[in-house]
Each structure stands twice: as structure tokens, then as C-alpha cells.
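Beneath this line is the structure, given in C-alpha cells, with notes to follow.
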């Protein structure tokens, strides 16, 4: 009894402090400009499942220290997709929670990145490309509404699927237009098996893990990855730990299977795995023992599913984005209907892992 | 008040005249053969969303002046898919409205066109190919029933998806059979980026726009396009205008993005855009100001989505058909559930744009 | 009256004898090990829609006489997917009926086969590959639960889709890993049309038909096909006849269309057709006259759909598995909602064709 009380007391103290970022941005209630600041920051935070403007702010810092181009692209993307939701008069609850912004955020960075000559630093886009990015980010909102309606959004989240599908539509198309020039990474070719196993240099694991976190936002920079982990921890230490575990496991499974060392070191085996780990581990399932095992299972499958998506898209030379996470995440979340061993959390009821776990223990989750 | 009355009076006079084509074909009620004439013509008209036998008749004329082969293929396709619906005892309302015929119509022409040595004029098929076309057209009816059931056909129309999916199944297969010979346009290759921008010769816009309308029915002939526009106007001038606007916009967006001039002039950037414009603009959404903007948004995305589908299908060398329209149309129609700014119309309640708008203004649409 | 009574009497005598295999494996009620024997055998039988441990036993014999590797792979697959269902606390009815085992069975054999240097006999996998197979077989159970939930499993069965999707995920991935080596049949290439028609040597039809049955379980051996037909007949002679008819028809349609002789003789045009014939003909539709015609229609389409899937997967060099059956099976089963000419049977109510037909005649099917 006393231990529980002590734990709850400790929780209260720390979480009251952290509640600053969960509450609206200071002044957002009365000032329209500050309300937009809240929307952009919270929308950015929702990419990693955290409805917290402080998380969003730190993520933008993480992006900005790597590339000012991508920082602007992220802000433009969130703003365009959120403005579209307001124009089409979508439900306010979704807009206020940042749920109409995160697909636009990823779309903005992703499109600019794959249309840049230099993927790592990014190139400033032309006016036409900016217009293309704004229309595409707006499209993620229509896509979100459609997918939400198809899946029944009360029980199944759209995850980052609106971003993935819209980005594919807008990126594939560039091969047919001389004024929308695809970057050098978009190179259609038939896939071929790996014949020789790589030796993994010291540092592959470290780079792969932290770039894995950074690649969620297309940043080829391990420092950005570290700052993003910190940004997540500001709202939920459990989510940060799960994200880290996901990326570590992604690298581990890829090494065990004999993936190419350069691909691992770029973080490409980590970013989908990290998202699956955070989504299943605490956000859409209670992170009890069964939920933890279920999450590990999903993470391992995600690593191979990423390889599969990269093979499937090879003949058209297109990137996987977070499709492996969406695929595996959906299967594991929709599959919940048949399993009594795990405790699912409906999207509308989920807050953050620690809080979800606490409410489940107190029988307040339903 | 007086303006409204005058408008309504004017409407009545013109629309009573046009009601001839909306009513059953003369004598169809008592004569089985004439009933089949009604079914074939109305089914053809439904490709462009018009339940009007006069529209269908004029479309068949438009096809016939370009190619007698395609005229016969269209009739065979509508008849085969409609007969299948009757044999399987599908709901009579759907059969009578021509909704079980239009996918067969497109399938008939499409299959024959891509199995012809000369795409523009068409070649007379062998007996085996005719049998193949009939079985495939029959399959569009099963596909229609399945997709309708999956989507919930009361709220979401199948659009031309039964045709697209069935045509892909029947066309891809021909690469594996020596007696079903694919035409010269079916040429698998890896997609490559466009390096040089084209100069657009005078006439590209004109040809692209009217061939864009004609390409809905696979006709590489701008005169056919003009006649098809007239055919649509016989039932709804709004639909005709939206179709024209869609094709014009398709050409415009393609030029702005730097598409290949020959592709534009063939109408390939127009036909999906025209279908999206007619479907969203007046048929499945009330064509008020918000509905008009929503439609323009959808049309622009359709242009790029067509390019995307053509890239995606490049490694197997297969045509996009109307897949870009189906994809964007579905996203924009299914997305309606989340948006209060636009006024959707359930498929079963929609008649034609002018009538839908009038009933909405009179609060009779629900 | 007397004829009916005589028929029922005759039925009772034969079917009482056959009920041995439908009832639990002797001793399974009290002994955990024997319960697992029942689960593995019944799960194997469910691949061909027969909830009968004797069917499963004979199928394992049919596999074993061709390859001990595949025999072990089948057993490992069923066991791993069934154990996952128990661990995740899935509904007991599904586990007991073998419905959580058959996708794992196919996955086990399929993965091992396509990672073997010699497809026909199979090669013993490494420990890493065994682990890969076990994780993948477990994944088929999560996939089954997700697809069942999406489709509404009371009206639409998942068929072998959990196997197909999971096998694609796990097989495509191997091209990216040096320690998971794809077999020689996985060879990405652009598809090309067949220019010359083949002459079909005597025996093509015989080999194609019986290897077609064997290929359901990846066995390149006509004797195995014969034994599998016998195994099916032990539970339902109607199913065995439909399977045989499906395979014969698959070969016939392929010859008529001009398919390559070697492909036909390998049974590749038969196995999907046989599955469609058994699924539609008696299991998910009453095998009355209309049901029989509907089934034939589906079988013919399946043959071409298989060719289509093989073209579609050519650029990534991946096998079709039973995707053509799943695609056509779903369209024909989901399409039932619109057709009054055929009598569908809900998955939960279906037993085996003879019994379904009898209950429908006695008005006991609803």
C-alpha cells in the first residue's frame, strides 16, 4: 500500500511539471497566432504519438540543427494540412489534438527531401515545388478523413497511412514531369539478392539506432535522433524507451539476418521498428507483460516488412516511407478483436503510456 | 421570388423536353427487344454518370464515327455484363438504371483496344478473344456486386472500379498466353525520369482537351470527344461543363508540371480528370461554391495521380485505365464523412447535377 | 418419399463410417499430446476445407512420400500458428476446428520451399531459417485475426489470405539479407509476351491435373496429388470431385489460351483453380445447379487471374502462392450479397458439401 501511494505521489510531482507541454501553448486560448503555434507544435509531436507542444518544439529543434530547409518544410506541411481540416470544417477535437497535422508534417519534409539533390541537407525548393507540397499536404487531410471512415476511426487509427499514400502519389508522379525533378535516390531497378555478407564496423549499431530515430523525420543525423528521443521523453519516458528499444532491435534483427552495413548505419532498419514499438507498446495496447511481448513480436516483423517494402518498390525506385510500420501496426491493432491476452486501447481513449497503464490498473480504461 | 419562379418555369420547359431520354426508351415497357435497347444505351450513358438512353445513343455514334470495331465491342460489353446481372438475379433497380452495364461497356472497348494491333482504329478480334471479352464483361458484374458490398453501396459508389480491376486481371494475363496477343502499347519497362522539358506546339491544349473526353471511351479522336460532350449535355449541361473543365484543367496542370507534349495531346492527362470533375461536381456532391472548390482540388490531384499510376504500372507495361479517377474519387467521396463544409449526395438519391442542386436548395435532399 | 429415405439411409451408413475422421482424434479429449495431434492433422486438412484429422494424416503422407523436409515444415507451421492462437487466447472454436493452423501449414512448406536450392525435394533449413519460419507462421495467426475482423468473419472467410500476405512479406525480404538466401526460382525480371505457341506433348493434361492438386501443398509430384485427392474424398467425395474438376479445367483453359507447356505440366495452372472449385462448389455456396455454374465461372477466371498475378509479381521475382484463388474467391463470395440466384453458406454454418446440400434441401440452413 505505502509503495503504491509513494509511487503515485512521485508520479504526480513529475507529471504535474510535464503537464505544461500537454496543456495548450501559453496564450493559445485567446490569441489566434499562438493557437497556430500550438497546432503546428502539437501536430509535429503527434508524429511520435505525443500530444505535447513541447515535444513538437524540441523535434523542430532536432530538425533545424540538421537542416533549415526541412524545418521550414515541416512547418509548412503541418500548417497546410491543418488549415485544410479547418476549411473543410472537420471535427475540432481532431484539429486541436494535432491529429490533422502530423501527416502533413511528414509529407512536407518527405517530399522536399526526395526532390532535393542533396538528401541529407536538403535543397530549397522552387515555387512550383512549394505549391506541389502545399497541395499534397492538403491532400493528406482528405486521405485521413477517408481512411478514418473506412477503418472506423474509433477503434482503428489511420497511423501515418495518409502520409504514406499521398507521398507515394505525389512522388511517383515526378518521373513523368520535367519540372518536378526527382532526387538522385529515386532510381528504378530490379532487385537482386545480396550475395556476400557484410562485416559490421564498430559504430554501426550506434549510428543505426540513433539515425533510426532521426529517420522518422528523414534526418540523416544521429544528434537529431538523440534530441528527438529527449523530445519524446518530455511527454512519456515509456514511449522514449520503447522507441529506443525498437530502433536497437531493428538494427539487431537486421544484423542477424545479414543486411547491408551501410543501410543499417543510415538508420533505415530502425525508423519503422521504432514507430511500431511506440505505437503498440503503450499507446494502442496497455504496456503490461503480454502487451510488451506482443510489441516485440510486431517490431521484429516490422524489420523484415521494411525490407519487403523496399524490394516491392524497387522497380519504380520509390521509398518505403513508414509503410512497413503502417502495415504491421494495422495488422497487430486490427487483430486485437480476436485476442483476449492483450489489452487494446481505443484511439479516442488513449493518452500516453504511463497514464494508460495507470488507468488500466485502476480499472478506469473503458 | 419572381426570378426564382421564372427560373423554375424556364427549367421546366427545357427539362421536360430533355426528360425524353431519361424516361424509358419508347416501347421498352412492352417489348423485350426494345427493353434491351434501353439497357444497352442507358448502360453506355452511365459511364459518364447519365441515366439517359439518348446520351448513350449519341456516345455510340461518337464511338462509331471513329471505329466500328469499338462500337460493337461496347455493345457486346454492356449486353454481357447486364445479362449476367439478370442471370444472377441482381436487384432490378440497378439493372434498369444501367448501373450493371457501364463497366461492361468500358471493359469491352478496353480489352479489344489493347489486344488490337492498331489502337486507334481497332482490329476485329478472333472468336477466342470475343469469348474472353464476354467472360470478362460478365466478371465485371460479380466484381461490382463484391465492391458494392465491401464499400456499402448506399453511401459509396463503386465508380468504374469493377471495370479497372477486371480489365487489369484480363489484360495482364495475356502476357502468359500465345493465343491472347497483347497489342504493341503493352510494353513492360522500368520508368525513367523526363530530363528535357517539351515545347508545347499550338493545338496541344485543344487536342488534349477533346481527346481527353474521347479517351474516357478509348477513342483517339477529338471529334468523338466533341460528340460525347454533346451527349452528356443532352442530360446535364452542368455535367458537360464540368467534364470540359476537368479535361482543360488536366491539360493545364500537366503543362505546368512539364509533362511530355505527345502524352498530353493524346488526351491521357484529361480523361481521368474529366471523370473526377463530373463525379464530384454535381453527382456525388452538391455543386455549390464549396463543392466546386472541393471538385477542383480533386481534379488537380487526379492529374498527378494518373502519372503515378502510369509509373506504377510501367514495369508490367499495363495501362492505367480510369484507376486515377477511382482512387481520387473514392478518397474524396469516402472522406465526406469527416467534412461539414461540403454537401454529399448518396448514390441512391443522386439524379443529375441541376436536379440535385435544385432539390438541395429546396431542402428535399436527404 | 421412399427414394429420399433410401438415400438418407445409404448416406447414414457411409457417413457414420467417415465420421471417425470428423470426430476428435482418439484420446484427444483427455491427453494433451493427442490433442496436439488432432490440431496438427485437422489444421492440415483445413487447407483443402476439410475439418477431418484423417484427411490431414493422408495429406501429410502425400507430402512425406515426396519430401521429408516438407513434411516437417508442414507440421512445424501448423504447430507454430496454432500455439500462437492459444498464447494470444483466441476463441477456442477456431483453434479446435483447425482454422488457426492451415495458414501456418502452407507458410511452413512455402517458405522452406522457396528458400531451398532444390524446390522439388527441399533442402533442410538452417537454424536461422527455422526461426524465421516459426515467427512467420506465428504471424499468420495475427494476420488471420486482422483479416477476419476487417472482412466480418461471420460472412466472409479469410481463405488462405493470411498465408499469402505473410509469405510475401517474409519472402520478398530475403532479397535484402545475405543470411536468408532466396532459392533459384526467385528471379526478378520484366515480363515479356509469349511469341510462339507450344505443342502440348501427351501427358501434359495428366501431369498438369494431378500436380495441380499436389501444388496446393507445393509438391511437384503427381502421386502426391493422387493421395491428396484420396485424403479429401475421405471427408467429402463432392469436394474431391470439384477439386479434380477445377484442376482439369485449369489445364484445359490454359491450353486453349496457349500457355507454356512446361508451366502447365508443373501444375501451376491447376492449384488455384482446384481451390476455387472446392471453395465455391459446396463449401461457401450450396452445390445446386446455379451454384455449380457460378463455380465453373469462378474457376475459369481463376486460371487467367493466376497468369495475371504471375505477371504482376515478375519484376520482384516472387511467387503467386494462392493469391489468384484468394482474389477470385473473395470477389465471388463477397459478391453473394447482390445475387439471389445462388445460395451462400456462412462460414460458421458450413460443414462439408454433401451435408450442406442436404441441410439446404431440408430447409435447415440458416
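Structure notes:
- GNM result for chain B, Cα springs below 10 Å: residue of B:33, B:265, B:85 fluctuating most strongly: B:33
- Estimated translational diffusion coefficient (Stokes-Einstein, Kirkwood radius over Cα pairs, 20 °C, 1.002 mPa s) of the protein assembly as shown: 70 µm² per second.
- By other beta-carbon atoms within 10 Å, ranking B:109, B:65, C:264 with the fewest at the front produces B:65, C:264, B:109.
- Two-decimal Rg to Rh for segment A:119-221 - Kirkwood Rh, Cα set: 1.05
- Relative exposure of A:260, B:89, judged by other C-beta atoms within 10 Å (fewest first): B:89, A:260
- Virtual spin-label span in nm between residue C:364 and residue B:196, 7 Å along Cα→Cβ: 7.8
- Take every Cα pair under 8 Å whose residues are at least 6 apart in sequence, average their separation, divide by the length of chain C, and the relative contact order is 15 percent.
- Quarter of the Cα convex hull surface for segment A:277-333, i.e. its orientation-mean projected area (nm²): 3.5
- Most mobile listed residue (C:194, C:180, C:268) in chain C, GNM with C-alpha springs under 10 Å: C:194
- Whole-Å distance, taken between Cα centres, linking segment B:300-322 and segment C:105-169: 31
- Between identical copies, the spacing of residue A:127 label points, each set 7 Å from Cα toward the C-beta atom, reads 6.5, 6.5 nm from nearest to farthest.
- In nanometers and ordered shortest first, the copy-to-copy spacing of the residue C:16 label point, defined 7 Å from Cα toward Cβ, is 7.9, 7.9.
- Residues C:94, B:242, B:309, ranked from the fewest to the most other C-beta atoms within 10 Å, line up as C:94, B:309, B:242.
- Between C:329, C:64, C:281, the GNM of chain C built on Cα springs shorter than 10 angstrom shows C:64 fluctuating the most.
- In percent, rounded to a whole number, the relative contact order of segment C:207-257 is 36, using alpha-carbon pairs under 8 Å and six or more apart.
- Once both labels are positioned 7 Å from their Cα atoms along Cα-to-Cβ, the gap between residue C:31 and residue C:16 label points is 2.7 nm.
- Starting from the label point of residue C:29 at 7 Å along Cα→Cβ, the same points in the other copies fall at 6.8, 6.8 nm, in ascending order.
- Minimum Cβ-to-axis distance in chain C for the rotation onto chain B, with residue, whole Å: C:315, 2
Throughout, read-outs are computed from the coordinates displayed, never taken from laboratory work. Everything numeric in this text was worked out from a predicted model, so none of it was measured. With ideal geometry, Cβ positions are generated from the backbone for all residues, glycine too; neighbour counts draw on all protein chains shown.
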